[in-house]
Amino acid sequence: MKSIGRTALLAAVALTFAASAQATVWNSTSVTSNPAANHVNSAGYSIDVGNTSTMTADGISVSVTAWSNTNQTGVVNETSVGTSTNSLNYTLESAYLGQWSGSGYGVTNRDRTYDGTSSGDEGEGQNPEHALDNEDRYDSLLFSFSGAANGVILSSVYKGWVSTDSDISVWAYTGGETTSTDLTGATYDNLGSGWELVGHYSGSYSTGTVNINSSGLSSSYWLIGAYTPVGGANYTENNDHMKLLKLTGTAANCSSTPDAPGCNTTTGNGTVPEPSSLALLGLGLFGLLRMRRAEKTAN
């Protein structure tokens with residue numbers, strides 16, 4: 001009878017942690033304008049830079065903003081200096097976040113210009129450069145999570161629209177519990193203290209899932225961009241254009257990720273479990289007690 005009790009207890013504990021690790025999917029949704037941040041570039045385009053979107057699932061919300069490396073040193077807008085050449089030395093500025101139902105998020109950067117011009121990012125904002133892309137400028141999306149005290153372990157992204165290729169680069173902030181969501185002035189190869197490159201991931205020429213973060217890193221801040229050649233990347237760079245439709249991940253907890261931000265409260269040799277885990281464990285133990293009582297009655 002003791003062996004049956006141990007088996008039931010192990011099953012209850014396994015159920016507890018399986019339930020706490022259930023994946024959450026965040027789907028792209030409509031964007032909110034930011035008229036106070038309208039930017040008019042030298043080509044005459046007015047761009048609603050700094051606008052946002054918010055996705056919510058399982059009580060966890062994520063704010064989405066768009067970024068691109070459009071600031072040449074000392075120059076706010078590259079169209080004013082007549083360049084159409086990308087460079088990792090150019091610093092980040094907010095960009096326009098677009099959203100297409102059924103396809104996902106795309107980006108239009110500040111250097112959008114008219115067709116036929118020789119300056120700026122000609123064709124930006126038009127198909128396929130209305131997407132998250134690395135043609136002429138490197139675009140990215142910043143996902144800032146709230147409602148998960150120890151961050152989120154992202155596991156995959158889903159591309160709802162692709163043109164040509166769809167390789168991506170992923171960064172995460174691991175420097176503490178909070179950071180600034182303003183990336184202005186940073187570069188992709190130097191985002192600032194606390195940021196680290198998670199990896200580069202090969203996409204494909206079709207829509208679908210890209211698995212990321214095999215090490216199980218947790219963070220409340222994730223930057224996902226079209227492939228950007230930093231950190232010794234050896235990909236053959238093609239133009240990548242895609243829209244991100246959804247993210248999949250799990251809320252980190254101190255039992256499974258003791259080094260996650262906020263997991264510094266311990267009792268004895270173990271880290272304090274999340275309240276939800278404690279509740280589930282209690283239910284499992286309650287069920288075990290009922291089983292043991294039934295056994296005694298039968299005997």
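The values are calculated or read from the model by the stated rules, or taken from the named source; none is laboratory data. As the structure is a prediction and not an experimental result, all values here were calculated from the model. With ideal geometry, Cβ positions are generated from the backbone for all residues, glycine too; neighbour counts draw on all protein chains shown.
Given the criteria of a type in the set (G, A, S) and either within 18 Å of the chain's Cα centre (by Cα) or not in a loop (DSSP other than H, G, I, E, B) (or both), does G175 qualify?
Details: of a type in the set (G, A, S): yes; either within 18 Å of the chain's Cα centre (by Cα) or not in a loop (DSSP other than H, G, I, E, B) (or both): yes.
Judged against the criteria, G175 is a match.
Take the residues in region 49-104 that are closer than 15 Å to D133 by Cβ and of a type in the set (G, A, S), then tell me which one is modelled with the lowest pLDDT. Top of the filtered list is S84.
Within region 94-108, track down each residue that is crowded, with 22+ Cβ neighbours inside 10 Å and not in a loop (DSSP other than H, G, I, E, B).
S94, Y96, L97, G104, Y105, G106, V107, T108
Please work out which residue is farthest from the chain's Cα centre (by Cα), limiting yourself to region 178-187 and to residues that are buried (at least 17 other Cβ atoms within 10 Å of the Cβ) and under 29 Å from A149 (Cβ atoms). Among them, the one singled out is A186.
Mind checking which residues of region 29-69 are under 15 Å from L141 (Cβ atoms) and touching a helix residue (DSSP H, G or I) at 6+ places or on another chain (Cβ under 9 Å)? Those that are under 15 Å from L141 (Cβ atoms) and touching a helix residue (DSSP H, G or I) at 6+ places or on another chain (Cβ under 9 Å): V49, G50, N51. Restricting attention to region 154-177 and to residues that are surrounded by fewer than 23 Cβ atoms within 10 Å (Cβ to Cβ) and of a type in the set (A, V, I, L, M), the residue that is nearest to I60 (Cα to Cα) turns out to be V170.
Can you tell which of G176, G208 is without any contact (Cβ under 8 Å) to a residue 60 or more places away in the chain and in the same structural domain as N69 (by TED's automatic domain parsing)? Steps first, answer last, please.
Details: G176 fails: without any contact (Cβ under 8 Å) to a residue 60 or more places away in the chain.
Sole residue among the options that is without any contact (Cβ under 8 Å) to a residue 60 or more places away in the chain and in the same structural domain as N69 (by TED's automatic domain parsing): G208.
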